[in-house]
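The values are calculated or read from the model by the stated rules, or taken from the named source; none is laboratory data. As the structure is a computational prediction, the values presented were derived from the model and not from experiment. Because the Cβ atoms are built from the backbone with ideal geometry, glycine has one as well, and the counts that use them run over all protein chains shown. Each accessible area value is taken on the protein alone, full model and side chains, heavy atoms only, with ligands, DNA and RNA left out. Shrake-Rupley method; radii C 1.70, N 1.55, O 1.52, S 1.80 Å.
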Amino acid sequence: DAKDWISRMKVSAELNIENEGYIDTNSLNNDQQRVFDEIIAVLQLNKNENTQKLIDVSGGAGTGKSYLIKAILQQAYEISGHRNFVKIAAPTGCAASQFNGGQTLHALLKIPPKKGCGELDDLTGGSLAGLQENFRHTRVIIIDEKGMIGLGRLHQINQRLKQARPNHSDLPFGGITVLLAGLYCIW
């Protein structure tokens, strides 16, 4: 019975484990299209132009947040040819794995999991150089499941992004456009 359990569960859960295919951006609704256009405008700016956006996408299950994120990731890859233009992260591995290239916030931003949500120690040496190289081409970071992060974690994200982009450390989140997506929440 155990030999084919995984296969049966995939079928019974109707999981699509294949690539979901191309998302036609004309299929986005008006609200999704507005956010999509804002993000794409940031991506199409000259590298030296900095028009940072801080965007909140709130909604319950089935409202199209993940569909919008996948459309943005797809278009960013088409524009740049690499996956570093837009980074996608979430507080948990399960949430991050819903997206191609998704990572946990801890892994992406080198936040020690046992640190809690207090002040972070600054990165130095190779760790700092690696973080800065990882974000060298990044214009947008999308954080999914925003309801699972608190103000302390948001502060840590701000700290790390400022370290990742020292030339823009005077700006919130190091000047990177941030899209927070998830359920409505009150911090």
With respect to Gln32, determine if the residue is assigned to a loop (DSSP other than H, G, I, E, B) and modelled with pLDDT of 90 or more. no
Across the stretch 116-129, the tally of residues that are exposed (fewer than 13 other Cβ atoms within 10 Å of the Cβ) and not β-branched (Val, Ile, Thr) stands at 9
State all residues of the stretch 51-92 that are in contact with a helix residue (DSSP H, G or I) (Cβ under 9 Å, 6 or more places away or on another chain), β-branched (Val, Ile, Thr), buried (at least 19 other Cβ atoms within 10 Å of the Cβ) and part of a helix (DSSP H, G or I); if no residue qualifies, say none. Ile72
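Taking the options Ala181, Ala95, name whichever one is part of a strand (DSSP E or B) and either modelled with pLDDT of 95 or more or of a type in the set (A, V, I, L, M, F, W, C) (or both).
Values: Ala95 fails: part of a strand (DSSP E or B).
The match here is Ala181.
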Condition first: farther than 19 Å from Ala96 by Cβ and of a type in the set (Lys, Arg). Now tell me which residues in the stretch 130-187 satisfy that. Arg136, Arg139, Lys162, Arg165
Within the stretch 139-165, considering residues that are assigned to a loop (DSSP other than H, G, I, E, B) and either acidic (Asp, Glu) or out of contact with any Leu (no Cβ under 9 Å at 6 or more places or on another chain) (or both), the one surrounded by the fewest Cβ atoms within 10 Å (Cβ to Cβ): Gly150
Residues being open to solvent by 30 Å² or more (accessible area, probe 1.4 Å) and touching a helix residue (DSSP H, G or I) at 6+ places or on another chain (Cβ under 8 Å): count how many of those fall in the stretch 93-111. 7
Of the residues in the stretch 114-163, those that are free of Cβ contacts under 8 Å to residues at least 24 places away in the same chain and among the polar types (S, T, N, Q) number 3
